[in-house]
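Reading through the structure tokens given below for one structure.
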Amino acid sequence: MLTIDRYNGTPAVKRLGRLLAEQTIKALQSRNMNGLYFDTKGEAAQAVMDMIPEGSSVGFGGSVTLHELGLYERILKGPYQSFNRFDSTLTGPQRLEVQRHALLADVFLSGTNAITSDGRLINIDGTGNRVAALLFGPRRVIVACGVNKIVHGLESAISRVKERACPLNGDRLGLKTPCSITGSCHECHHEQRMCNLLTIIEGQKDPGRFTVVFVGENLGF
């Protein structure tokens, strides 16, 4: 099966990535979730912005993909009430309160650690603010996802998160977890462990709540 993670956008792989995204979008629709595909980051970012009405309250999950799409900056500078958990002036308790308020935002933006080709989203969190918002609270959730995040099967998805996303994120955040040091999962109980909460989104009751925006590029971890 095609593994997009290992390639860098040659024409043949771009075509196969689009086919894989289209397959996944059909699977999402069968689970009462929406999916859109765009060839480039610019197109995808504009589509996300077009889905957020002016004046909306907007919360964020931590996401390299959102950063690469430039969405944090556009939201923070735009006509929105943003719950900015990344404000460096916030104390720890203040940041926690911002994260709590984001659970009732009109719109919540996030990436995803992995998505299966049959339409299931798999995410792991350390504290749970991101996965909590994906599951319940915000009126609308928009997930941005590079085609490199699509895998075949639940086991492959969980493996991708633990063996790829967590070590890379741990290194990015300067954590001292075993995975960030060695590059592989140790099923540890470290105080900085990122794998405290594993969620699998199988579907949605509200057909208008959840949208996954796929990008035909490698994005995030």
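The values are calculated or read from the model by the stated rules, or taken from the named source; none is laboratory data. Here the structure is a predicted model, which is why all the values come from computation and not from measurement. Using ideal geometry, Cβ is built from the backbone for each residue, glycine included, and neighbour counts are taken over all protein chains shown.
Among the residues of the stretch 43-77, the one identified as among the basic types (Lys, Arg) and either touching a Lys or Arg at 6+ places or on another chain (Cβ under 6 Å) or surrounded by 15 or more Cβ atoms within 10 Å (Cβ to Cβ) (or both) is Arg74. A single entry from Lys205, Lys176 fulfils the requirement of being assigned to a loop (DSSP other than H, G, I, E, B) and either closer than 24 Å to Arg95 by Cα or of a type in the set (Val, Ile, Thr) (or both): Lys176. Of all the residues in the stretch 16-42, those that are surrounded by fewer than 20 Cβ atoms within 10 Å (Cβ to Cβ) and aliphatic (A, V, I, L, M) number 5. Residue selection: Val131 fails the criterion of being closer than 24 Å to Leu19 by Cα and touching a Ser or Thr at 6+ places or on another chain (Cβ under 6 Å).
Just one of Lys41, Lys77, Lys26 is farther than 19 Å from Val143 by Cβ and basic (Lys, Arg); which is it? Exactly one residue qualifies, and that residue is Lys77.
Quick check on Thr112: is it in contact with a strand residue (DSSP E or B) (Cβ under 7 Å, 6 or more places away or on another chain) and either surrounded by fewer than 17 Cβ atoms within 10 Å (Cβ to Cβ) or part of a loop (DSSP other than H, G, I, E, B) (or both)? Yes. Would the stretch 64-73 turn up any residue that is farther than 22 Å from Asn169 by Cα, touching a Ser or Thr at 6+ places or on another chain (Cβ under 8 Å) and not acidic (Asp, Glu)? No, the stretch 64-73 contains no residue that is farther than 22 Å from Asn169 by Cα, touching a Ser or Thr at 6+ places or on another chain (Cβ under 8 Å) and not acidic (Asp, Glu).
Here is the figure for the stretch 192-221: residues that are out of contact with any Gly (no Cβ under 8 Å at 6 or more places or on another chain), modelled with pLDDT under 95 and either of a type in the set (Val, Ile, Thr) or crowded, with 20+ Cβ neighbours inside 10 Å (or both) total 1. Applying the set (1) touching a strand residue (DSSP E or B) at 6+ places or on another chain (Cβ under 6 Å); (2) closer than 18 Å to Lys205 by Cα; (3) outside any helix (DSSP H, G or I) to Val131 leaves exactly one unmet item: (3).
The rows are residues; the columns are (1) closer than 30 Å to Gln23 by Cβ; (2) crowded, with 24+ Cβ neighbours inside 10 Å; (3) in contact (Cβ under 8 Å) with a residue 24 or more places away in the chain; (4) under 16 Å from the mean Cα position of the chain (by Cα).
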| residue | (1), (2), (3), (4) |
| --- | --- |
| Arg139 | yes, no, yes, no |
| Ala144 | yes, yes, yes, yes |
| Leu154 | yes, no, yes, no |
| Ile158 | yes, no, yes, yes |
| Arg164 | yes, no, yes, yes |
| Leu168 | yes, no, yes, yes |
| Lys176 | no, no, no, no |
| His186 | no, no, no, no |
| His190 | no, no, no, no |
